[in-house]
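Enquirer: Dropping a structure here in structure tokens format, bear with me for questions.
The values are calculated or read from the model by the stated rules, or taken from the named source; none is laboratory data. What you are looking at is a predicted structure, and each value in this text was computed from that prediction instead of being measured. Using ideal geometry, Cβ is built from the backbone for each residue, glycine included, and neighbour counts are taken over all protein chains shown. The protein model used for the area step is the full one, side chains on, heavy atoms only, and it has no ligands, DNA or RNA in it. Shrake-Rupley method; radii C 1.70, N 1.55, O 1.52, S 1.80 Å.
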Amino acid sequence: MKNSVLFDSVGLGPYTLRNRIVLPPLTRSRSSQPGNIPNDLMAAYYRQRTGAGFMVTEGTQIEPRGQGYAWTPGIHSPEQIAGWRKVTDTVHAEGGIIFLQLWHVGRVSHTSLQPGGAAPVAPSAIAANAVKVFIETGPGEGALAEPSIPRALTTAEVKELVQLYAQAARNALEAGFDGVEIHCANGYLVNQFISAHTNRRDDEYGGSLENRLRFLREVTQAVADVVGKDRVGVRFAPLFATTQEDRVYLGLVEDDPHATYIEAIKVLEDIGIAYVSLAEADWDNAPELPETFREDVRKNFSGRVIYAGKYTAERGVRVIESGWGDLIAFGRPFIANPDLPKRIANNWPLTPVDPATMYGGTDKGYTDYRTYQS
């Protein structure tokens, strides 16, 4: 596939990408403890994958309350900023372009992960179901657990959170990142404000869809004011169906996902950000996004569109050639194949991922996947 559209260079904000292959955000839970600090092992992991035209880090909590899983990194302390600088310096030395994903889990957390053992925060005090969080049970040991019941944020606290996103964006620049992606998918905090299932507020952030999109608008604008709108992306997971398959978390299916997410994308178009990333359903035999939705995204958004979700190279080519998307993200294949772009280009076989080593642990299942040997 050396002559495939996947290997065309393409612009993204102020950057020219060497191909259309993206390393998407992939939680790996390898940060150093205590402090959730990025480390040399993480720098090696990202360096191995700089063949991607574009890279986005794993979800990175913007503040201590934003954590829902043990050992995920943050971007709110000086030590974390210094740790991420090791990653960006390493990636830039290889000619890579890397954005930091700004993450806050909201209600998808546990009191043991919260400062002072407090309840997680959310738009409304509605417990998360059909989801598990991951808590530490001992040094280097953890277990899945039910999320704790959250408390509703006050209006003043919502406005403070907007500023915490802006500060996290400043921290990302200090750490050397080329830009940031705001995690608005998979039922986490921004998604909780958007969804009628999780937002029962009666202030300016609840009720109508316009009000439920207000937090998205304010966060995105605040972040764009810090890093520049052409260096900001937003990730959504516009689910049109769900599954009974056992998963850590999928997210929320709206009553009218098409209308909800097109209105959200119009908000991003108004601000003028660089890209929107759409994470599709990725369980076995999951339906693809409706073509009418893909076409409506294109009609209403002038930036770049990234698609992710159990993509093969062939499916990615079809989406690009159909005019629906500009870049394709490969998750599990990039975990197990650090040289994925070369493998796609040369039609080399792919190493399967080991699910048992995806989260937490050592270099095993992290930096020890080998490049292709003919």
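Enquirer: Within the stretch 150-170, does at least one residue satisfy the condition of being buried (at least 17 other Cβ atoms within 10 Å of the Cβ), touching a helix residue (DSSP H, G or I) at 6+ places or on another chain (Cβ under 9 Å), part of a strand (DSSP E or B) and of a type outside the set (A, V, I, L, M, F, W, C)?
Expert: No; the residues of the stretch 150-170 include none that is buried (at least 17 other Cβ atoms within 10 Å of the Cβ), touching a helix residue (DSSP H, G or I) at 6+ places or on another chain (Cβ under 9 Å), part of a strand (DSSP E or B) and of a type outside the set (A, V, I, L, M, F, W, C).
Enquirer: Taking the residues in the stretch 190-248 that are of a type in the set (Gly, Ala, Ser) and part of a loop (DSSP other than H, G, I, E, B) as candidates, determine which candidate is nearest to residue 107 (Cα to Cα).
Expert: By that ranking, first place goes to 195.
Enquirer: Provide a single number: the residues in the stretch 280-293 that are acidic (Asp, Glu) and open to solvent by less than 20 Å² (accessible area, probe 1.4 Å).
Expert: Count: 1.
Enquirer: Another question, if that's okay. For residue 97, which of the numbered conditions (1) surrounded by 18 or more Cβ atoms within 10 Å (Cβ to Cβ); (2) free of Cβ contacts under 8 Å to residues at least 12 places away in the same chain fails to hold?
Expert: In the conditions (1) surrounded by 18 or more Cβ atoms within 10 Å (Cβ to Cβ); (2) free of Cβ contacts under 8 Å to residues at least 12 places away in the same chain, residue 97 misses (2) alone.
Enquirer: Still on this model: Take the stretch 171-185 and flag every residue that is among the hydrophobic types (A, V, I, L, M, F, W, C) and either assigned to a loop (DSSP other than H, G, I, E, B) or open to solvent by less than 10 Å² (accessible area, probe 1.4 Å) (or both).
Expert: 172, 175, 177, 180, 182, 184, 185
Enquirer: Which count do you get for residues in the stretch 186-209 that are surrounded by fewer than 24 Cβ atoms within 10 Å (Cβ to Cβ) and either touching a helix residue (DSSP H, G or I) at 6+ places or on another chain (Cβ under 8 Å) or within 17 Å of residue 160 (Cβ to Cβ) (or both)?
Expert: Going through the stretch 186-209 one residue at a time, the tally reaches 10.
Enquirer: Are any of the residues in the stretch 90-112 over 30 Å from residue 253 (Cα atoms), within 17 Å of the chain's Cα centre (by Cα), assigned to a loop (DSSP other than H, G, I, E, B) and of a type outside the set (S, T, N, Q)?
Expert: yes
Enquirer: Moving to a separate point now. Pairs under 8 Å by beta carbon, first residue closer than 13 Å to residue 233 by Cα and modelled with pLDDT under 95 in the stretch 290-309, partner surrounded by fewer than 16 Cβ atoms within 10 Å (Cβ to Cβ) and of a type in the set (Lys, Arg), six or more apart or different chains?
Expert: Hits for this filter: zero, empty list.
Enquirer: Among 272, 316, 331, which is the only one that is farther than 26 Å from residue 58 by Cβ and in contact (Cβ under 8 Å) with a residue 40 or more places away in the chain?
Expert: Matching residue, one of 272, 316, 331: 272.
Enquirer: Can you find even one residue in the stretch 337-353 that is within 18 Å of the chain's Cα centre (by Cα) and in contact (Cβ under 8 Å) with a residue 60 or more places away in the chain?
Expert: Taking every residue of the stretch 337-353 in turn, none turns out to be within 18 Å of the chain's Cα centre (by Cα) and in contact (Cβ under 8 Å) with a residue 60 or more places away in the chain.
Enquirer: Next question, about the same structure. Test residue 274 against the criterion of being under 12 Å from residue 238 (Cα atoms) and open to solvent by less than 40 Å² (accessible area, probe 1.4 Å), and give yes or no.
Expert: So residue 274 does not fit the description; no.
Enquirer: Filter the stretch 147-163 for residues that are touching a His at 6+ places or on another chain (Cβ under 8 Å) and not hydroxyl-bearing (Ser, Thr, Tyr) and give the result.
Expert: The answer is 147, 161.
Enquirer: Go through the stretch 32-44 and report how many residues are at negative phi and surrounded by fewer than 23 Cβ atoms within 10 Å (Cβ to Cβ).
Expert: Number of matching residues: 9.
Enquirer: I need the full set of residues from the stretch 83-129 which are among the charged types (D, E, K, R) and under 21 Å from residue 194 (Cβ atoms), in order please.
Expert: 107
Rundown of residues vs (1) open to solvent by 10 Å² or more (accessible area, probe 1.4 Å); (2) touching a helix residue (DSSP H, G or I) at 6+ places or on another chain (Cβ under 8 Å), yes/no style:
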residue	(1), (2)
7	yes, yes
47	yes, yes
57	no, yes
83	no, yes
88	no, no
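Enquirer: May I pose another question? Please give the number of the condition residue 25 fails out of (1) open to solvent by less than 10 Å² (accessible area, probe 1.4 Å); (2) closer than 17 Å to residue 178 by Cβ.
Expert: Unmet condition: (1).
Enquirer: Right, another one. Across the stretch 124-139, which residue is modelled with the lowest pLDDT among those that are part of a loop (DSSP other than H, G, I, E, B) and among the polar types (S, T, N, Q)?
Expert: 129
Enquirer: With respect to residue 120, determine if the residue is farther than 22 Å from residue 331 by Cβ, open to solvent by less than 10 Å² (accessible area, probe 1.4 Å) and at pLDDT 95 or above.
Expert: Spelling it out, residue 120 is indeed farther than 22 Å from residue 331 by Cβ, open to solvent by less than 10 Å² (accessible area, probe 1.4 Å) and at pLDDT 95 or above.
Enquirer: Moving to a separate point now. Would you confirm, using the coordinates I've provided, whether residue 143 is touching a Lys or Arg at 6+ places or on another chain (Cβ under 8 Å) and surrounded by fewer than 19 Cβ atoms within 10 Å (Cβ to Cβ)?
Expert: Criteria not met by residue 143.
Enquirer: Quick check on my filter: what residues within the stretch 210-222 are open to solvent by less than 10 Å² (accessible area, probe 1.4 Å) and more than 23 Å from the chain's Cα centre (by Cα)?
Expert: none
Enquirer: Report, by residue number, each residue of the stretch 266-292 that is part of a helix (DSSP H, G or I) and over 21 Å from the mean Cα position of the chain (by Cα).
Expert: Result: 270, 291, 292.
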